Each structure stands twice: as C-alpha cells, then as structure tokens.
1. Mean residue ellipticity at 222 nm from the helices of the chain, using -39,500 (n - 2.57) per DSSP H segment of n ≥ 4 over the full residue count, to the nearest 500 deg cm²/dmol?
2. Can you work out the Karplus-derived ³J(HN,Hα) for every residue in the stretch 91-97? Use 6.51 cos²θ - 1.76 cosθ + 1.60 with θ = phi - 60°, whole Hz, and x for glycine or proline.
3. Within the stretch 1-116, what percent of beta bridges assigned by DSSP are antiparallel, to the nearest 5?
4. In the stretch 73-163, if every C-alpha pair distance is counted and binned at 5 Å from zero, what percent goes to each bin?
5. Taking K and R as +1 and D and E as -1, what net charge do the other residues with C-beta under 13 Å from the C-beta of GLY160 add up to?
6. Mind ranking 141-153, 6-18 by how tightly packed they are, going by the mean number of other C-beta atoms within 10 angstrom, highest first?
7. Given a cut-off of under 8 Å on Cα pairs at least six residues apart, what relative contact order in percent is computed for the chain?
8. In whole Å, what are the Cα extents of the stretch 135-195 along the three principal axes, biggest one first?
Amino acid sequence: MTKIFTAGVDEAGRGPLAGPVVAAAVILDDNHGITGLRDSKKLSEKKRELLYDVIIEKAASIGIGKVDVKTIDRINIREATFKAMQIALGRLSIKPAKALIDGYALNNQVIPNEGVIRGDDLVDSIKAASIIAKVTRDRMMMRLHKEFPGYGWRTNMGYGTKAHIEGMKMLGITPHHRKSFAPVYHMLCHVNHGD
C-alpha cells in the first residue's frame with residue numbers, strides 16, 4: 001500500500017520592515033514522536049532552537065522557500081508569502097499528496113492544498129513548519145545584524161520596534177529594508193524631500 005504524505009506549510013516574516021519572508025514545508029510521519037510542538041511565536045527562542053534540531057532529525061522531508069526584499073517590494077508581501085510557500089513545497093524530497101497551509105489555500109499550486117485557519121495551533125506538521133521557518137529566518141536576520149548592527153535586528157528580527165525605527169532615522173535605509181512598507185516608504189520620502 002502506498003503511503004500518503006501530507007505536508008504542513010507556514011511562513012515567518014510577513015510583518016517585519018526588513019529581511020526576506022521565509023516559508024517551510026514539513027512532512028511528518030504519523031508516529032513522529034516529537035513532543036512540545038507549538039506555534040513558533042508561543043515558544044521561547046531556546047525551545048524553538050531545540051525543536052528545530054529535533055524536527056530536522058525526525059521529519060520525513062523539509063523544504064524551505066525564501067523570497068527577498070526586492071521581490072516583496074515588486075509583487076507585495078501577500079504574493080511573496082505564497083511564492084515562498086510554493087518554493088518550499090517544491091523543495092520537498094517527497095511529493096506530498098496534499099498540503100495543509102496555515103491560513104489560506106494557495107492558488108496556482110500543483111499540489112492539492114487547503115488552508116487551515118490557526119493551523120499553527122492545530123496541525124503538528126504546520127507547527128513544525130512554523131518553527132523551521134522562524135528559526136531559519138531569525139538566523140538570517142542575526143547574520144544581517146553583523147553587517148548592519150545599528151538596527152537591533154539581532155533581537156527585533158526586522159520588526160518595526162522603537163530601536164529599529166531609531167536606527168532607520170539615524171543611519172538611513174539599508175538594501176534589506178522593504179521600501180513598499182509604510183514606515184520605510186515614509187522615511188524615504190522625507191529623505192528625498194530633504195525634510
């Protein structure tokens with residue numbers, strides 16, 4: 001009997017003002033034995049890192065998709081998120097019969113899929129995908145922080161915190177900022193108008 005695999009898909013980084021959006025697709029065996037899976041936002045950084053290693057070790061397959069800021073600015077964050085999810089699904093080593101997407105279904109997708117509202121609270125493979133996506137993106141932002149240390153990305157991961165906004169005012173906009181996002185766009189307008 002052929003085994004039917006279902007992938008869980010989630011993203012990290014829709015809201016930040018800087019950095020890519022990252023999606024993960026994860027296939028878990030029914031008896032995966034991973035305990036403590038939760039929506040990544042509800043876990044401490046330490047717990048996420050520990051679970052990341054366990055998921056990497058125990059998942060049947062993992063695919064990761066990243067979409068950079070230039071593309072986000074060109075096609076908008078919603079489309080960029082869907083694109084990252086499609087890339088992640090395409091990078092799985094096992095082709096799933098079905099994909100469960102946190103939130104809303106993907107349109108033009110070869111793999112039949114359905115959206116699960118609050119899936120990162122309900123479905124283990126989506127919870128695992130949420131952890132893989134978040135840790136992958138956080139590590140990218142920590143690397144970018146070394147290159148651009150004045151924005152607090154090591155702790156705010158590119159979200160529009162007070163420290164990040166202050167950094168933008170003091171140091172300006174980097175190539176990793178999303179120019180289509182209102183706070184960045186407004187700051188660019190002020191700079192261009194010499195305000």
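1. Numbers: 8 runs with 88 residues, N = 195.
Helix-only estimate at 222 nm: -13500 deg cm²/dmol.
2. Coupling constants for the stretch 91-97: 9, 5, 7, 10, 7, x, 6 Hz.
3. Working: 13 of 21 bridges.
Taking every DSSP beta bridge with both residues in the stretch 1-116, the antiparallel ones total about 60 percent.
4. 3, 12, 17, 21, 19, 14, 9, 5, 1, 0
5. Values: positive: ARG14, LYS162, LYS169, ARG178; negative: GLU166.
So the surrounding residues net to +3.
6. Details: 141-153: 17.0, 6-18: 25.2.
Listed from highest to lowest mean packing, they are 6-18, 141-153.
7. Values: 381 pairs, mean separation 56.9, N = 195.
Taking the mean separation of contacting Cα pairs over the length of the chain, I get 29 percent.
8. 38, 20, 19
The values are calculated or read from the model by the stated rules, or taken from the named source; none is laboratory data. These numbers were taken from a predicted model, which means no experiment stands behind them. Positions of Cβ are backbone-derived with ideal geometry, glycine not excepted, and every protein chain shown enters the neighbour counts. For accessibility, only protein heavy atoms count, side chains too; no ligands or nucleic acids. Shrake-Rupley method; radii C 1.70, N 1.55, O 1.52, S 1.80 Å.
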